[in-house]
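A.B. asks: Sharing a structure here in structure tokens format.
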Amino acid sequence: MTNTAIEASGLRKAYKDKAVLEGIDFEVPAGSVFSLLGPNGAGKTTTVNVLTTLLRLDGGSARVAGFDVASEARRVRSAIGVTGQFASVDELLTGRENVQMMADLLGRRGSEPIGPLLQRFDLEEAADRRASTYSGGMRRKLDLAMTLVGRPQVLFLDEPTTGLDPRSRRMLWQIVRDLVNDGMTIFLTTQYLEEADRLADRIAVLDQGRLVAQGSPEELKRQIPGGHVELRLAEIAGLEAAARVLPEATPDPDNLILRVPSDGGVRSLRSLLDRLDEYAVPVEEFTVRLPDLDDVFLALTGQSTTATEETEAR
């Protein structure tokens with residue numbers, strides 16, 4: 001696989017007269033986690049379906065694992081794994097039988113051994129129980145184990161933790177980290193911004209079929225007003241001196257803290273400290289405070305994640 005696992009250029013898709021994707025572009029480096037965020041109806045699942053060859057493009061082009069999704073669909077499918085919003089397991093089969101069925105469908109060629117795969121997902125003890133007896137978290141782990149039987153180069157996870165409890169969600173986060181450490185590329189769609197913040201190397205925000213922002217979590221946070229640096233001084237005299245040097249700052253005398261508007265970048269922080277150093281104002285410590293991804297999401301889409309999750313629940 002090349003250094004770029006996914007390339008999308010001008011992706012367009014419409015259903016009848018409704019445009020769902022309106023010319024989106026992005027690249028996903030190999031061995032990284034790329035997260036696509038957006039409110040309901042933004043086009044996230046459509047994007048996944050296009051990249052996994054389940055839908056034909058109306059315009060633009062895309063390559064996954066080096067193969068064109070339009071002209072080399074079979075080769076794309078042989079290089080990817082897909083886990084949807086709901087675990088696709090056969091409840092009448094045991095966990096082991098579900099994984100075995102997937103291995104049989106793949107012809108066993110290049111398959112992961114079933115025993116070690118079940119062990120990796122902590123499913124050994126439950127392997128011979130019917131999947132109907134599994135909890136939601138166990139079904140999701142089994143679904144992932146089935147997806148990984150074929151050793152995909154690129155794994156698509158479409159809102160994989162929707163409906164899971166916090167413990168199961170954290171468990172899946174660790175699995176994702178382990179897969180990336182092993183060299184896999186992950187394409188993740190999610191409505192949980194903490195999930196994207198913790199896992200993603202790069203994030204793209206999709207709204208009404210258009211990409212409205214792309215970057216690392218830190219880069220996106222710096223685009224939103226409200227970032228600041230908190231400077232802690234040793235004594236009130238130092239706080240007063242710092243406030244004179246930095247008239248744009250807001251002092252907090254009770255806690256000996258000065259809050260200075262900042263984008264959190266290295267250059268702006270260095271400039272700030274140099275100004276204080278020039279006037280010999282000692283700083284005990286400083287903390288960079290940036291808006292979180294919820295602020296980013298609200299600013300870019302006009303929706304809060306709380307409203308999005310409530311819509312999803314209904």
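A.B. asks: At a Förster distance of 30 Å, what's the computed FRET efficiency of Glu22 paired with Arg289, Cβ-Cβ distance as r, to 0.05?
C.D. replies: Details: r = 35 Å, r/R0 = 1.17.
About 0.30, to the nearest 0.05.
A.B. asks: Counting only Cα, what are the radius of gyration and maximum Cα-Cα distance Dmax of the chain, in Å?
C.D. replies: Here Rg and the maximum Cα pair distance are 23.7, 75 Å.
A.B. asks: Given the -39500 (n - 2.57) contribution per DSSP H run of 4+ residues, what per-residue ellipticity at 222 nm results for the chain, rounded to the nearest 500 deg cm²/dmol? Before the final figure, lay out each step's value.
C.D. replies: Values: 12 runs with 116 residues, N = 314.
Result for the chain, helices only: -10500 deg cm²/dmol.
A.B. asks: When the dipole is taken about the Cα centre of the chain, and only Lys, Arg (+1) and Asp, Glu (-1) are charged at their Cβ, what size is it in debye, to the nearest 20? Show your work: numbers first, answer last.
C.D. replies: Numbers: 37 positive and 48 negative charges, 282 e Å.
My answer is approximately 1360 debye.
A.B. asks: Could you list Ser271, Ser168 in order of exposure, starting from the residue whose Cβ has the fewest other Cβ atoms within 10 Å? Don't skip to the end; give the middle numbers.
C.D. replies: Numbers: Ser271 11, Ser168 18.
By the 10 Å Cβ count, ascending: Ser271, Ser168.
A.B. asks: Let me ask something else. List Glu284, Glu97, Glu195 from most exposed to least, where exposure is judged by having the fewest other Cβ atoms within 10 Å. Can you show the working numbers first?
C.D. replies: Numbers: Glu284 11, Glu97 16, Glu195 22.
Ascending Cβ contact count within 10 Å gives the list Glu284, Glu97, Glu195.
A.B. asks: Separate question: Excluding Ala131 itself, what net charge comes from residues whose Cβ is under 13 Å from its Cβ, given Lys and Arg +1 and Asp and Glu -1? Numbers along the way, then the final one.
C.D. replies: Details: positive: Arg96, Arg129, Arg130, Arg139, Arg140, Lys141; negative: Asp90, Glu91, Glu97, Asp128, Asp143.
Here the count lands on +1.
A.B. asks: Here's something else I'd like to know. At a threshold of 8 angstrom on Cα-Cα distance, excluding pairs fewer than six apart, so keeping six or more, what relative contact order does the chain reach in percent? The partial results should precede the final answer.
C.D. replies: Details: 597 pairs, mean separation 60.7, N = 314.
RCO, the chain: 19 percent.
A.B. asks: For a quick protection proxy, order the peptides 248-257, 155-164, 20-29, 34-43 by their average other-Cβ count within 10 Å, most packed first.
C.D. replies: Output ranking for 248-257, 155-164, 20-29, 34-43: 34-43, 155-164, 20-29, 248-257.
A.B. asks: Treat every Asp and Glu Cβ in the range 228-289 as -1 and every Lys and Arg Cβ as +1, leave all other atoms uncharged, and give the resulting dipole magnitude about the Cα centre to the nearest 20 debye. Provide the component values of the computation, followed by the final result.
C.D. replies: Working: 7 positive and 12 negative charges, 46 e Å.
Dipole about the Cα centre, nearest 20: 220 debye.
A.B. asks: I want the antiparallel fraction of DSSP beta bridges within the chain, as a percent rounded to 5.
C.D. replies: Values: 35 of 53 bridges.
Beta bridges within the chain, antiparallel portion: roughly 65 percent.
A.B. asks: Continuing with this model, one more query. In nanometres, what is the gap between the two model label sites at Asp90 and Arg270, each 7 Å from Cα along Cα-to-Cβ?
C.D. replies: Going by the 7 Å Cα→Cβ label model, 6.2 nm.
A.B. asks: For Ala234 and Trp173, FRET efficiency with R0 = 45 Å and r from the beta-carbon atoms, rounded to 0.05? It would help to have the intermediate numbers written out before the result.
C.D. replies: Numbers: r = 40 Å, r/R0 = 0.88.
Between Trp173 and Ala234 the formula returns 0.70.
A.B. asks: Along the charge dipole of the chain, pointing to its positive end and built from +1/-1 on Cβ of Lys, Arg, Asp and Glu, which listed residue (Gly163, Gly107, Pro282) has its Cα farthest out?
C.D. replies: With unit charges placed on the Cβ atoms, the residue in question is Gly107.
A.B. asks: Follow-up. Can you give me the angle between helix 266-278 and the longest principal axis of the chain, using Cα atoms only, in degrees from 0 to 90, rounded to the nearest 10?
C.D. replies: Once rounded, the angle reads 20 degrees.
A.B. asks: As a footprinting exposure proxy, order Arg198, Arg244, Arg77 by other Cβ within 10 Å, with the fewest listed first.
C.D. replies: Details: Arg198 15, Arg244 11, Arg77 18.
Listing Arg198, Arg244, Arg77 from fewest to most nearby Cβ atoms yields Arg244, Arg198, Arg77.
Bear in mind that the values in this text are calculations on the coordinates, not laboratory data. The model shown is predicted, which means the values in this text are computed figures rather than measured ones. Counting neighbours? That spans all protein chains shown, and the Cβs are built from the backbone with ideal geometry, glycine included.
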